[in-house]
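J.: I'd like to ask you about the structure that follows.
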Amino acid sequence: MARQSETTRRVPLSRDRVLRAGVTLADEVGIESLSMRRLAQRLGVVPMALYKHVANKEELLDGMVDVVVGEVDPPVHGSNWKSAVRQRILSARETLLRHRWAYRVIESRSSPTPVVLAYMDSMIGMFRAGGFSVDLTHHVMHALGSRMLGFTRELFDDSPSPGSAPAAVPPEVAERYPHIAEMAMSRDHDRASTVGAGCDDRFEFEFALDLLLDGFDRLHRQGWTSSGH
């Protein structure tokens, strides 16, 4: 009876279960510590059992990216293109903040995964539905870059140590790079910052996003094309 009860409780292994377990494990231990063996242990199976559902670790990572991107809110219908795009991108950012390892895996992919391609296709569709030409939309997508998926590469990495106050800029550095020193010492700091380390990352992300969306709107209203540029 005990053996029968154990069999009843055991959840059959599937590709979806493997991928979601991989996401959960990466959230807990970090992507560097994720391995097929460790994932198999988490699922209570031998490592070879995983290979019936994912061919190798790269395929596992591809699938994990699809799980994460699949968590982004779908497009909001019935609203204007700018608010709809803004809401979708901020949802993507919140998703990546839940899975802090994911942006590095997305960047490491040699080609977009199916869910990422579908996400990009829907984003293009949102601009096209807003009346943007194919030409302008093409350049819009380039301008958004990875911000479309909720992350950016920051220029500076000045994150403070946990529990410490922002460090003063050494005098010799301030003398050589006065404008950097001025900016570093005058801005507000957010010790919990995750995207723009040392700054209010939510504000910085939304500030840049709104600048881009306002610029796209201006070009759209002007009937801008790339001809002659």
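J.: So how much accessible area does HIS220 have, in Å² to the nearest 10, using a 1.4 Å probe?
T.: About 50 Å², ignoring ligands and nucleic acids.
J.: Under 8 Å for C-alpha pairs, at least 6 residues apart: give me the relative contact order for the range 15-158, rounded to a whole percent.
T.: 24 percent
J.: Would you mind working out the accessible area per residue for the range 1-145, using a 1.4 Å probe, and quoting it in Å²?
T.: Result: 55 Å² of accessible area for each residue.
J.: Here's another thing I want to ask about it. Mind ranking HIS139, HIS179 by accessible surface for me, highest first, 1.4 Å probe?
T.: Order by accessible area, largest first: HIS179, HIS139.
J.: To continue, here is another question. Determine the order of ILE89, ILE124, ILE31 by accessible area, beginning with the largest, at a probe radius of 1.4 Å.
T.: The ranking, largest first, comes out as ILE124, ILE31, ILE89.
J.: Shifting gears a bit: With all protein chains present, calculate the accessible area of ASP201 using a 1.4 Å probe and round the result to the nearest 10 Å².
T.: Estimated to the nearest 10 Å², ASP201 gives 10 Å².
J.: A further question follows. Could you give the spread of the C-alpha atoms of the range 41-91 along their three principal axes, from largest to smallest, in whole angstroms?
T.: 50, 19, 15
J.: Over the range 47-158, with every protein chain in place, what whole percent of the accessible area is carbon and sulfur at 1.4 Å, could you tell me?
T.: So the carbon and sulfur contribution to the accessible surface is 57 percent.
J.: Multiplying the sequence separation of GLU32 and MET183 by 0.36 nm and subtracting their Cα-Cα distance, what value in nm do you get?
T.: Residue separation times 0.36 nm, minus the Cα-Cα distance, leaves 51.0 nm.
J.: Could you go through the range 205-213 in sequence order and give the Karplus-derived ³J(HN,Hα) for each residue, using 6.51 cos²θ - 1.76 cosθ + 1.60 with θ = phi - 60°, rounded to whole Hz, and x for Gly and Pro?
T.: Calculated HN-Hα couplings, in order: 5, 5, 4, 5, 4, 5, 4, 5, 5 Hz.
J.: Hey, another quick one. Trypsin sites (Lys or Arg not before Pro) within the range 44-122: which are DSSP loop residues with at most 16 other Cβ atoms inside 10 Å?
T.: Answer in residue order: LYS52, ARG100, ARG109.
J.: Where does each of MET64, MET141, MET120, MET48 land when they are ordered by accessible area, with a 1.4 Å probe and the largest first?
T.: In descending accessible area the options line up as MET48, MET120, MET141, MET64.
J.: Can you give the Rg and Dmax of the range 69-128 based on its C-alpha atoms, in angstrom?
T.: When restricted to Cα atoms, the range 69-128 yields Rg and Dmax of 12.0, 35 Å.
The values are calculated or read from the model by the stated rules, or taken from the named source; none is laboratory data. Keep in mind the model is a prediction, meaning the values are calculated, not measured. Don't worry about glycine lacking a Cβ; one is built from the backbone with ideal geometry, like all the others, and counts go over all protein chains shown. Keep in mind that these areas ignore ligands, DNA and RNA; they rest on the heavy atoms of the full protein, side chains included. Shrake-Rupley method; radii C 1.70, N 1.55, O 1.52, S 1.80 Å.
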